[in-house]
1. Quickly run through region 351-371 and pick out the residues that are surrounded by fewer than 24 Cβ atoms within 10 Å (Cβ to Cβ) and away from the ligand (no atom under 13 Å from the Cβ).
2. Within region 335-350, count every residue that is in contact with a strand residue (DSSP E or B) (Cβ under 8 Å, 6 or more places away or on another chain) and away from the ligand (no atom under 11 Å from the Cβ).
3. Let me confirm something: among Ala146, Ala173, Ala161, which residue is at pLDDT 95 or above, crowded, with 19+ Cβ neighbours inside 10 Å and in contact with a Gly (Cβ under 6 Å, 6 or more places away or on another chain)?
4. Taking region 83-122, which residues are over 27 Å from the mean Cα position of the chain (by Cα), more than 20 Å from Lys152 (Cβ to Cβ) and not aromatic (Phe, Trp, Tyr)?
5. Kindly check whether there is at least one residue in region 498-510 that is in contact with a strand residue (DSSP E or B) (Cβ under 6 Å, 6 or more places away or on another chain) and in contact (Cβ under 8 Å) with a residue 60 or more places away in the chain.
6. Enumerate the strands (runs of 3 or more DSSP E) found wholly within region 190-297, keeping only those where 1 or more residues are surrounded by fewer than 17 Cβ atoms within 10 Å (Cβ to Cβ).
7. Of all residues being under 21 Å from Cys176 (Cα atoms), crowded, with 23+ Cβ neighbours inside 10 Å and small (Gly, Ala, Ser) in region 372-405, which is farthest from the chain's Cα centre (by Cα)? Just the residue, please.
8. Residues of region 185-215 being touching a Lys or Arg at 6+ places or on another chain (Cβ under 6 Å) and closer than 20 Å to Cys2 by Cβ, which ones?
Amino acid sequence: MCGIVGYVGDKQALPVVIEGLKKLEYRGYDSSGVALVQNGKIGVTKEVGKIVRLQKKLQGQNNSSGLGIGHTRWATHGEPTVENAHPHCSMDGKICLVHNGIVENYKFLRTELQEKGYLFNSQTDTEVLVNLISYFKSKENDTKKAIQLALKKVEGTYGIAVIDEDEPDRFYAARCGSPLIIGVGGNENYVASDASAIMIHTSNVIYLDDFQMACVTKDDFEITTLDDEPIEKKIDKVDWDISAITKNGYEHFMLKEICEQAETVQNAYRGRVSKANCSVRLGGFNFSARDVRNLENVQFVACGTSWHAAQVGKYLLEKIARIPVSVEYASEYRYRNPIIPQNTIVVAISQSGATADTLAAMREAKNRGAMVYGITNVVGSEIARESDGGTYLHAGPEIGVASTKAFTSQVTALALLAYHFGQVRGSVDNQQVLEFIEELEALPAKIDQVLEYKQQLKEVANLIKDSKNALFLGRDINFPSALEGALKLKEISYIHAEGYPAAEMKHGPIALIDENMPIVSIAPYDAIYNKIISNLEEVKSRKGKIYAVASQKDENLEAICQKVFYVPQTLWALMPILVSIPLQLLAYYVAYEKGLNIDQPRNLAKSVTVE
Ligand code: M6R
């Protein structure tokens, strides 16, 4: 949420910062700004809206500088206005900072500063922080010390980059709860909230941990605690392929990411299954066979799409490994004094590995002594680093705000987990494991087949794009896919949509159905197929317009539906992957036909790193 980029070095800082901000725009795009140090003075330019607008504003200015910081904002305190945009300067204009996170005690701190004569131009917590630093600087005459003293007074979260006119050769960075990395180059160094912002310049990064700060010049960096104790940090390598963060010819990241799924699903299982040994294992799942055999409960904590993947995980683990599972909204779990019985593993699922609620829920579980396992996509993310064992999805960067490929990779990883548990606990036999591996290996080709439906889904999108509401129906393991289909439509097309277990219709939602209500039904050919057909008959008799995703040709189904999309048959455990793809495409084309901003839908951000 929000993005930070900073640069110090021999190059011009502005293009580096602007390009970096564009890479981070998916994290927040209400407003943006940059601060450059020129001839010992800080100059700030800010604008509301997208970064192209900021670029326009910068045109014609003298922007020459080797030190700069920038920010793209997702508003928390104060509306998206120029005043509230970052960077924020101290009252005397000498110190300037960009900030991700929330200073929770900012009102109290602001009152204290006002009493000392400080005036504020914005409604933000960030302006309070920069003035707090300025206040301590006036007392200590030492910028680093001033930052340390100010941060010690902060309650809440921060990832900050700070520049000071008095020290025009460096920036400072510090973090607590909001990710921040230092990029290490030759004769130049960087700071960013996300590696994708600086990947084209360097793959050498240092992950700052909570309560650590960095003082960075073009040829050196020093990491310390807030008590100024030096810390030795290792330089990590980020090995993402740069083409993965470009659109590669697609009109939108979302479409590109949908179309990558044959490959990303394969990446999620590659090297983790062996037909020869008849085995399924997950790299990073470093709990012993004894731990797995003794398991009595699994608790999933996640948000949004990852929560839907966790719901699929519940069906998988309960049926295949015979372990009771609960699926928790991370935001609720963290505050409700959760009960974690003995022999429970808490599994945090998160594409970004940085979602504040999921991270907090995971920490809560850890503090209570639970084994904590993380399933994440972003390498080196907080959740990955803090869990006792962790598995990466290897889906590559997901830039579109609407999560697509991460979902199918999460489901793939959860299916692997279920079969691994099942094998260790003896609830599945070798024949079943072999069948699973064979179906898994056949899946990428089947995904490519489903992607062939693009044009037909676009036509359906045209039919439903003016609807005010939509219902998504599914049952059993495909019910969470209905929830996910509804979320996709809501978040990028702004059509109100709900996911329901098909049989729940008659307990209320059926009252909503009329000829204006599109119903998207997931009806693969499985043990409860006939039940779903009966549920759809009920919809049909209320004049609902049904669009179905099915897996076996059926004239009865075609008779009650406006259109049926057939996905290839696959194993029960893997069907949520295949049926989700037409729903992703449908949401994409509805938003496309409505001319909406698909990759950056309103009010949303890719990683929700604030509460
Ligand atoms: O990075 P995470 O998987 O932890 O993110 C969780 C949700 O914020 C995320 O899935 C969100 O719901 C997406 N916009 C859904 O498309």
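The values are calculated or read from the model by the stated rules, or taken from the named source; none is laboratory data. As the structure is a prediction and not an experimental result, all values here were calculated from the model. Neighbour counts are summed over all protein chains in view; Cβ atoms, including those assigned to glycine, are modelled from backbone coordinates with ideal geometry.
1. Within region 351-371, Arg363, Glu364, Lys366, Asn367, Arg368, Gly369, Ala370, Met371 meet the criteria.
2. So the count comes out to 8.
3. Ala161
4. Glu83, Cys89, Met91, Asp92, Gly93, Lys94, Cys96, Gln114, Gly117, Leu119, Asn121, Ser122 - these are the residues of region 83-122 that are over 27 Å from the mean Cα position of the chain (by Cα), more than 20 Å from Lys152 (Cβ to Cβ) and not aromatic (Phe, Trp, Tyr).
5. No: region 498-510 contains no residue that is in contact with a strand residue (DSSP E or B) (Cβ under 6 Å, 6 or more places away or on another chain) and in contact (Cβ under 8 Å) with a residue 60 or more places away in the chain.
6. Result: 212-217, 220-225.
7. Ranking the qualifying residues of region 372-405, first place goes to Ser387.
8. Correct list: Ser196, Ala197, Leu208.
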